[in-house]
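Here, each number is a calculation from the coordinates, and none is a lab measurement. Remember, predicted model here, so these are calculated numbers, not experimental data. Because the Cβ atoms are built from the backbone with ideal geometry, glycine has one as well, and the counts that use them run over all protein chains shown.
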Amino acid sequence: MQSFWGKLPKPFFALAPMEDVTDAAFRRLIAKYGKPDVMFTEFTSADGLARADEEGKKKLLKKLEYSESERPIVAQLFTSNPEYMEAGAKLCAELGFDGFDINMGCPDRAVEKSGCGAALIKNPALARELIRAAKKSGLPVSVKTRIGYNSDELDTWLPELLAEEPAAIIIHARTRKEMSDVPARWDTIARAVAIRDSSKSKTLIIGNGDVKDIAEARAKAAETKCDGVMLGCAIFGNPWLFVGRTEPPSREEKIQALIEHLVLFDELLGDTTNYATMKKHFKAYVSGWDGAKELRVKLMETQFAKEAQQVIQSVVF
Ligand SMILES: Cc1cc2nc3c(=O)[nH]c(=O)nc-3n(C[C@H](O)[C@H](O)[C@H](O)COP(=O)(O)O)c2cc1C
């Protein structure tokens, strides 16, 4: 049976997984104001899901909660252990996800220490074993990675992944070493498409890195011939991103969206997630008008979501 990947428009636009950013609350808001063609959860540890005690597991499962409005939705896990990968992917299938993604790009030292994330670029044999393990779930499997570890290794790294026939490969157009310190190298996405085409593979190639809006995403897709574009940071303060409108959101729209975001955070994550994660969004929502800075300072001092709502009510209305 054809998976959702085969039914997407061309080019399609995806929301990137971002830890403590694209959580259940923000995704619900994005689904309401400007739904992308496909959404990804923030990453979750498959080792944790397999080994944590009840309390720890509950917290991790929170990261895998989603609403029907977010479909098609892909769960992203990380591990370097094929057994845990298989179990994690099966769990995601049971939870009803539309797809399953393996993180092979995260440069975080804590993640890399156990051979996960970008460290897998240095271990293609294990990377391939992990894809095979995930596929046992029956979900279409994708991989999110970078162009190489210390240097551009697409010519060798990409064919290793393609050999396992994943449904899609998302390429953050930088090396691990480059972190996010240099502009994304979109010429490498065009090369990735050429490598895919020359191997007659059906795997979709999704480009990622530094794309600010849908107009730019369309241009990048036309330029590189990639199947889809994934956008991450551009979503901050802009749940309308995927609508592709040309005028920026007004002050009223941003305030209204922030209030809704706070309500959703409280409702969906209030009991398990540190309120500090919500503060990451204040700057993006509250900027660009007289008095924005003063409101932001007040919001940063709040201790919980309801207090932040009261501050907004007292200052703005
Ligand atoms: C705060 C933050 C959290 C992130 N968390 C994840 C993650 O959980 N999984 C992942 O594959 N990539 C993660 N990334 C990387 C993004 O998905 C994306 O590849 C990167 O930000 C480049 O795209 P952009 O320029 O459109 O933001 C994260 C990035 C940021 C800024």
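Computed quantities for the displayed model
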| item | result |
| --- | --- |
| Rounded to 10°, Cα long-axis angle of helix 187-198 versus longest principal axis of the chain | 40 degrees |
| For segment 202-242 versus segment 152-174, the gap between their alpha-carbon centres in whole angstrom | 18 Å |
| Per-residue ³J(HN,Hα) for segment 289-297, Karplus 6.51 cos²θ - 1.76 cosθ + 1.60, θ = phi - 60°, Hz, x for Gly and Pro | 8, 4, x, 4, 5, 4, 5, 4, 4 |
| Largest-first ellipsoid semi-axes for segment 251-316, taking √(5λ) over the Cα gyration tensor eigenvalues, angstrom | 19, 12, 10 |
| Lysines with Cα under 20 Å of Lys113, excluding same-chain neighbours fewer than 8 positions away | Lys122, Lys144, Lys177 |
| Helix axis angle, 24-33 relative to the chain longest principal axis, alpha carbon, degrees | 80 degrees |
| Nitroxide proxy distance, nm - points 7 Å out along Cα→Cβ at Ser250 and Lys58 | 4.4 nm |
| Additional length obtainable on full extension of the chain from Ala276 to Lys113, 0.36 nm per residue less Cα span | 56.1 nm |
| Selected from Asp197, Asp210, Asp181 as most flexible by GNM, with the chain as the system and alpha-carbon contacts under 10 Å | Asp181 |
| Least to most buried among Leu95, Leu269 (fewest other Cβ within 10 Å first) | Leu95, Leu269 |
| Partners for Lys293 among aspartates and glutamates (Cα-Cα distance below 14 Å; same-chain residues under 8 apart left out) | Glu301 |
| Ranked by how many other beta carbons lie within 10 Å on average, peptides 294-307, 154-167 from highest | 154-167, 294-307 |
| Along each principal axis, Cα extent of the chain, largest first, Å | 60, 47, 38 |
| Per residue Cα convex hull volume in Å³ - calculated over segment 1-112 | 116 Å³ |
| The chain, relative contact order in percent, only Cα pairs under 8 angstrom and at least six apart counted | 16 percent |
| Convex hull volume per residue for segment 206-317, taking Cα atoms only, in Å³ | 117 Å³ |
| Relative contact order computed over segment 251-316 (Cα-Cα under 8 Å; 6+ residues apart), in percent | 38 percent |
| Whole-Å distance, taken between Cα centres, linking segment 248-265 and segment 69-112 | 30 Å |
| Reachable aspartates and glutamates, given that their alpha-carbon falls under 16 Å from the alpha-carbon of Lys220 and they are not under 8 places away in the same chain | Asp187, Asp210 |
| Angle between the chain longest axis and helix 82-94 axis [Cα atoms, degrees, rounded to 10] | 60 degrees |
| Most fluctuating residue given options Trp289, Trp240, Trp186, as computed from a GNM of the chain linking Cα atoms under 10 Å | Trp289 |
